[in-house]
Amino acid sequence: MQGAPLIGITAHLKDNSATLGNGYYRAVQVAGGVPVIIPPFTTREQCDAILDSVDGILFSGGPDIQPEYFGQEPHSSVSVNAERDLSEMMLAHAAVERCMPVLGICRGIQLLTVAMGGTLYQDISLFPGNGNTVGHKPVPPCDDDVWHNISVDGNSIIGSLLGTNRLTVNSYHHQIVDKLPAELKPVAWTDDGAVEAVESSLRTLIAVQWHPERMFLKGNDLCMPLFRWLVEKSANYAGLREFHSKHIILDSHCDTPMLFQTGTEFANAESEALVTLPGMKAGGLGTSFMVAYIPQKERSQEGLAQATAKAEHILDLIENQVGTNKESVVLANTPAQIRAAISMGKKVIVRGIENGYALGKDLSLVGHFKRRGVTYITLCHNGDNDICDSAKGNSEHNGLSAFGRQVVAEMNRLGIMVDLSHASEKSFWDALECSRAPIFCSHSSCRALCDHRRNLSDQQIAALAKSGGVMQICIYGGFLENDESAANVHSAVRHIMHAIDIAGIDHVGIGTDMDGGGGVPGLENVCSIMNLTRLLGEEGLDDSHLAKLWGENLLDYFDRVNLLAE
């Protein structure tokens, strides 16, 4: 049973001592949380350990942010603490990446603005509106708890928490928000137009320029809902962690092995890869289906041999990366092996091949790759091959070729899942008709919501479900929205919910396509997958539904394929 959530609060560094105003921790305590003070630190490992230990973060007030972090030369009036900046910038990036609950106060709003890609006015005197109103800094003596007015967007999270669109607050700041990053929305302003609060619609994140903790100490409880919000959301985040720790959380498609070819290490949290071993731990992903992706090229004898050799090489790389990290991660070939490994606390890698081009025209290679641990083969990619027509092809075979039908039959015989992502619609229907075992789509989305040739129509989704297959929703922006720039985590939720409406809860899952183009704002990498769980829960899906989506449906389907194998 969960206790009160732990709220990490960043400390100030002064005279070689980590200090914290008592308003921060007392407000958190009164709101129902357990405060944990975070002093400055120096390494990514320490940062991850801190975030693994707490359920939410409060970025407290303090000195200026170094202008170098937002690409500017320092103004003469800037006063910074480089050690604090280093650790808090690291903490902000990682907390935002994980989509953890975050409340920023004063320096906190400035830190989050810069960490997420925005800029600051280095000195309040540089702000164009300065002088039109009074109150960005108190004029001594300042015994009152509030001294300047702000307007609040009543439709915002912060507006709903405060229950008003106009209030009087305090401010003690030297820098001020200038250009906000795309994700942060301004929701409160001073009378001279300075941004006093921001929030995100994609993450659990709010920040204010004033000091609600000092108002609290003065007996003014108007802003206590901000602290209660942080504690409530942090308790929810603790629940998400618990859910992910107790269930099989499975991503049916990632292309990270492409990066292994260029020296990327699976265990390196700071690599360019969206799926890493530390990321799987941070995000609560237990199982990743990693594919040997083979781009479609010429189908000459030499070209086919090169495709097969490339698949072999990438499978070797996957096995090498797992072997290097064998204390934490294992390979699995069956649902039973996946379940057993997860129960032992291991992370699991499952192998697949994306593009049957790797088979060339040699049916015996199906058995060869089965012996190498391949659990599914995506019949084609972006271009027709000798097996079938692609969604991006020229209808060379009018669907599945004669050889393709042999390949499907052999995959059925051996218990290899038949993946129709990337296939033309005619190839899909042909495979559905000729396969003895149900087929699936490892990373596809809904054409009714995004009219892309790679997506499945409602008729395809319904037929897939009726046959006992599953549709794994792809988190690729161009397959989620007709305007790819508009895609975000909410787009993914809409596709998942639509697929459930058509197929039923037992026939839908998640195949992110990360490191193959997948990942959208609010679900940028494997660290942030609990954000998807959170939003799906807000759609009304309970833990049993979420468990099906995140893994049980795919494993049940895999079991059905194995039962029909000879």
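The values are calculated or read from the model by the stated rules, or taken from the named source; none is laboratory data. Note that the structure is predicted; figures quoted are calculated from it, not measured. Note: ideal-geometry Cβ built from the backbone for every residue, glycine included; neighbour counts use all protein chains shown. In case anyone asks, the SASA skips ligands and DNA or RNA and just uses the protein heavy atoms, side chains included. Shrake-Rupley method; radii C 1.70, N 1.55, O 1.52, S 1.80 Å.
Below is a table of values for the structure above.
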read-out: Residue match in region 396-417 (condition: open to solvent by less than 20 Å² (accessible area, probe 1.4 Å) and within 31 Å of the chain's Cα centre (by Cα)); value: yes
read-out: In region 133-187, residue surrounded by the most Cβ atoms within 10 Å (Cβ to Cβ) [restricted to those that are modelled with pLDDT of 90 or more, among the small types (Gly, Ala, Ser) and assigned to a loop (DSSP other than H, G, I, E, B)]; value: 156
read-out: Segments classed as helices (runs of 4 or more DSSP H), wholly inside region 257-374, with at least 3 members that are at pLDDT 95 or above and farther than 24 Å from residue 552 by Cβ; value: 257-260, 301-324, 364-371
read-out: Search result, residues across region 254-270 that are closer than 22 Å to residue 472 by Cβ and either touching an Asp or Glu at 6+ places or on another chain (Cβ under 7 Å) or open to solvent by 10 Å² or more (accessible area, probe 1.4 Å) (or both); value: 254, 255, 256, 258, 259
read-out: Top-ranked residue in region 203-236 [being among the aromatic types (Phe, Trp, Tyr) and either in a loop (DSSP other than H, G, I, E, B) or within 21 Å of residue 522 (Cβ to Cβ) (or both); ranked as modelled with the highest pLDDT]; value: 229
read-out: Helices (runs of 4 or more DSSP H) wholly inside region 1-115 that include at least 2 residues being open to solvent by 40 Å² or more (accessible area, probe 1.4 Å) and in contact (Cβ under 8 Å) with a residue 60 or more places away in the chain; value: 22-30, 44-53, 82-98
read-out: Answer from 328, 300 - the residue that is free of Cβ contacts under 8 Å to residues at least 12 places away in the same chain and open to solvent by 10 Å² or more (accessible area, probe 1.4 Å); value: 300
read-out: Top-ranked residue of region 217-259 - restricted to ones that are touching a strand residue (DSSP E or B) at 6+ places or on another chain (Cβ under 9 Å) and among the aromatic types (Phe, Trp, Tyr), ranked as farthest from residue 336 (Cα to Cα); value: 227
read-out: Subset tally (residues that are without any contact (Cβ under 8 Å) to a residue 60 or more places away in the chain and on the phi < 0 side of the Ramachandran plot) for region 499-522; value: 10
read-out: The lone exception for residue 534 - which of (1) out of contact with any Cys (no Cβ under 8 Å at 6 or more places or on another chain); (2) over 20 Å from residue 290 (Cβ atoms); (3) in contact (Cβ under 8 Å) with a residue 12 or more places away in the chain; (4) of a type in the set (D, E, K, R) it fails; value: (1)
read-out: Evaluation of residue 85 against (1) more than 22 Å from the chain's Cα centre (by Cα); (2) charged (D, E, K, R); (3) more than 17 Å from residue 122 (Cβ to Cβ) (one fails), failing number; value: (3)
read-out: So residue 237, is it farther than 21 Å from residue 496 by Cβ and aromatic (Phe, Trp, Tyr); value: no
read-out: Residue satisfying condition, being in contact (Cβ under 8 Å) with a residue 40 or more places away in the chain, buried (at least 24 other Cβ atoms within 10 Å of the Cβ) and either acidic (Asp, Glu) or within 27 Å of residue 124 (Cβ to Cβ) (or both), within set 197, 273; value: 197
read-out: Selection count, region 188-200, where residues are touching a strand residue (DSSP E or B) at 6+ places or on another chain (Cβ under 7 Å) and outside any strand (DSSP E or B); value: 2
read-out: Exclusive hit being under 31 Å from the mean Cα position of the chain (by Cα) and surrounded by 19 or more Cβ atoms within 10 Å (Cβ to Cβ), set 373, 360, 356, 345; value: 356
read-out: Single residue of region 9-29 satisfying the filter (in contact with a Phe, Trp or Tyr (Cβ under 7 Å, 6 or more places away or on another chain) and among the hydrophobic types (A, V, I, L, M, F, W, C)) that is farthest from residue 100 (Cα to Cα); value: 27
read-out: Scan of region 458-507 for residues that are hydroxyl-bearing (Ser, Thr, Tyr) and open to solvent by 20 Å² or more (accessible area, probe 1.4 Å), ordered by number; value: 467, 476, 485
read-out: The one condition in (1) of a type outside the set (A, V, I, L, M); (2) closer than 30 Å to residue 344 by Cβ; (3) open to solvent by 60 Å² or more (accessible area, probe 1.4 Å); (4) assigned to a helix (DSSP H, G or I) that residue 243 fails to fulfil; value: (3)
read-out: Residue 213 vs. criteria closer than 23 Å to residue 10 by Cβ and either of a type in the set (S, T, N, Q) or touching a helix residue (DSSP H, G or I) at 6+ places or on another chain (Cβ under 9 Å) (or both); value: yes
read-out: In region 386-409, residue farthest from residue 298 (Cα to Cα) [restricted to those that are in contact with a Ser or Thr (Cβ under 8 Å, 6 or more places away or on another chain) and of a type in the set (S, T, N, Q)]; value: 395
read-out: Residue match in region 421-430 (condition: closer than 19 Å to residue 356 by Cα, open to solvent by less than 10 Å² (accessible area, probe 1.4 Å) and either charged (D, E, K, R) or in contact with a helix residue (DSSP H, G or I) (Cβ under 7 Å, 6 or more places away or on another chain) (or both)); value: yes
